Amino acid sequence: MSQRETWDLFCHVVDNYGDIGVGWRLARQLASEHDRHVRLFVDDLNTFRSICPQLNPRLAQQAVDGVQVLSWARQLQLEPGDVVVELFGCHLAAPFVERIQARGAARVRWVNLEHLSAEPWVEGAHLRPSPQPGGIHKLFFFPGFTPGTGGLLREASLLARRDAWQAMPAARRIALRALGLPPPPAHAVTVLLFGYARERLDDWLNALAAASRPTVLWICPGPLRDAINAWLHMELLLGQATVRGSLTLCALPFVAQERFDELLWAADLCVVRGEDSFVRAQWAARPLLWHIYPQHDDAHLAKLQAFLDLYLAGVDADLAETVGALWQAWNRGLELDAVWSDFIAELPRLQRHAERWAEQLARQPDLASQLVRALRDLGGGGLPL
Ligand code: TRH
């Protein structure tokens, strides 16, 4: 019987939850679906605990959901596994790198898993080796939306679970009740709101309050909720809806990562951000608005447009225009009233588009399977020069 491979995943939490969100999802999937012995090294166990409440941030090593979770410092005491995955170019401790080099390419395969981008250059950079001191190579693995990339994280059961949940009329009601949320008014548009701070929220909130069609905002913790509290001149409380005209505002608790999908499945429109929630909203097959992670040099605007180009390819020109206008206005801090109501008017068409898009993405192998295959193809002999 062959021995289980040990995979070491390294995650440096830069900010927020996306770095560990991706790391945790990948770690669990490698352990549960690919039978890998996974060790996940994380430098911020407190942030990790937000998405994984069963974690004890005081422990240097613990088993959670079939994954060994280790503090960052534990790498100083351990030998590298068969595969080492750096998430998002995080830097490993020098003694650990020396041990990788000492063991050599025949014993350790080394990968840098990069950020998600829809830009066309990604296909050319995916699976490129990068020479490291000591004659070892690091493989660059790029997630993405097209067959020439490493794909997207997607658990084997995800789409079946989504479909079963959405087909069950009571599921939404039960989920909302468990979160302390009242049922939305009839004909209301329900919006899951998980974004970054942005300008001109007040005008948008005033317009929603004055609109003829009711809107319900389910608001995740974070800077957007702080801005909404400021608009209200009060703090939204969990389990209590606050109504302003046609607008109902509800604060959500921060839920464990495995519960997060249900929030997306329950909404008519998902406002999502960063990387992981953005991908999950696509698997939810719901109309979405992406609040992209802002970068100081505005590099994010090119990434936003690159995704729009893929997402809207082949879509009717008027619909593409409506989506592009709202996404650009939201991400550039522009006025929202007109572009928001144009978008809401198209929700039925956007829902059909979201379903087609999710089906198209699901034709590609998921990221964890592609990573396992790429490293299997590589074998124990390292990368060709
Ligand atoms: O939190 P994000 O903004 O994360 C990131 C980081 O800032 C990172 O440095 C940056 O590189 C990246 O964005 C682009 O957004 P994201 O990626 O959507 O991650 C959020 C995670 O939190 C995701 O895994 C879902 C999870 N989550 C929960 O588990 N429960 C919740 O209640 C909420 C609101 C989110």
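The values are calculated or read from the model by the stated rules, or taken from the named source; none is laboratory data. This one's a predicted model, so the numbers in the text were calculated from it and none came from an experiment. FYI the Cβ positions are ideal-geometry reconstructions off the backbone, even for glycines, and counts take in every protein chain you see. Calculation scope for accessible area: heavy atoms of the full protein, side chains included, ligands and nucleic acids excluded. Shrake-Rupley method; radii C 1.70, N 1.55, O 1.52, S 1.80 Å.
Using the alpha-carbon atoms, what tilt in degrees (0 to 90, nearest 10) does helix 299-311 show relative to the longest principal axis of the chain? The two axes meet at around 80 degrees.
Solvent-accessible surface of segment 158-362, taken per residue with a 1.4 Å probe and all protein chains present: 43 Å².
Protein chains only, probe 1.4 Å: how do 321, 155 rank by accessible area, largest first?
321, 155
Using the Karplus relation 6.51 cos²θ - 1.76 cosθ + 1.60 with θ = phi - 60°, the per-residue 3J(HN,Hα) values for segment 38-48 come to 9, 10, 10, 9, 10, 8, 8, 6, 5, 5, 4 Hz, with x marking Gly and Pro. Each Lys or Arg adds one and each Asp or Glu takes one away; over the other residues whose Cβ falls under 14 Å from the Cβ of residue 234, this sums to 0.
Loop-located chymotrypsin sites (Phe, Trp or Tyr not before Pro) in segment 226-283 (DSSP state not H, G, I, E or B) with no more than 14 neighbouring Cβ atoms inside 10 Å: 254.
The long axis of helix 201-210 is offset from the longest Cα principal axis of the chain by roughly 40 degrees. Given in Å, the Rg to one decimal and the Dmax to the nearest whole number for the Cα atoms of the chain are 21.8, 68.
Rg and Dmax of segment 158-362, both derived from C-alpha coordinates alone, stand at 16.2, 46 Å. The residues packed around residue 266, meaning those with a beta-carbon under 10 Å from its beta-carbon, carry a net charge of 0 if Lys and Arg are +1 and Asp and Glu are -1.
Taking all Cα pairs closer than 8 Å and separated by 6 or more residues, the relative contact order of the chain comes to 16 percent. For the chain, the longest principal axis of the alpha carbon atoms and the long axis of helix 367-378 meet at an angle near 20°. Net charge in the neighbourhood of residue 326 (other residues with Cβ under 12 Å of its Cβ; Lys, Arg +1, Asp, Glu -1) is -4.
Binned at 10 Å from 0, what are the whole-percent values of the Cα-Cα distance distribution for segment 261-385, short to long? Pair shares across the bins are 11, 38, 30, 13, 6, 1.
Taking the DSSP bridge list for the chain and keeping only pairs wholly inside it, about 20 percent are antiparallel.
Rolling a 1.4 Å probe over the protein heavy atoms of the chain, with every protein chain left in place, gives an accessible area that is 53 percent carbon and sulfur.
Per DSSP helix of 4 or more residues, -39500 (n - 2.57); summed, then divided by the residues of the chain. What does that give at 222 nm, rounded to the nearest 500? Don't skip to the answer; put the middle values down first.
Working: 15 runs with 161 residues, N = 385.
For the chain, the value works out to -12500 deg cm²/dmol.
Using the beta-carbon distance between residue 359 and residue 210 and R0 = 41 Å, what value does 1/(1 + (r/R0)^6) give for FRET efficiency, to the nearest 0.05? FRET efficiency, residue 359 to residue 210: 0.65. Each part gets one Cα centre, and for segment 79-137 versus segment 192-259 those centres are 41 Å apart.
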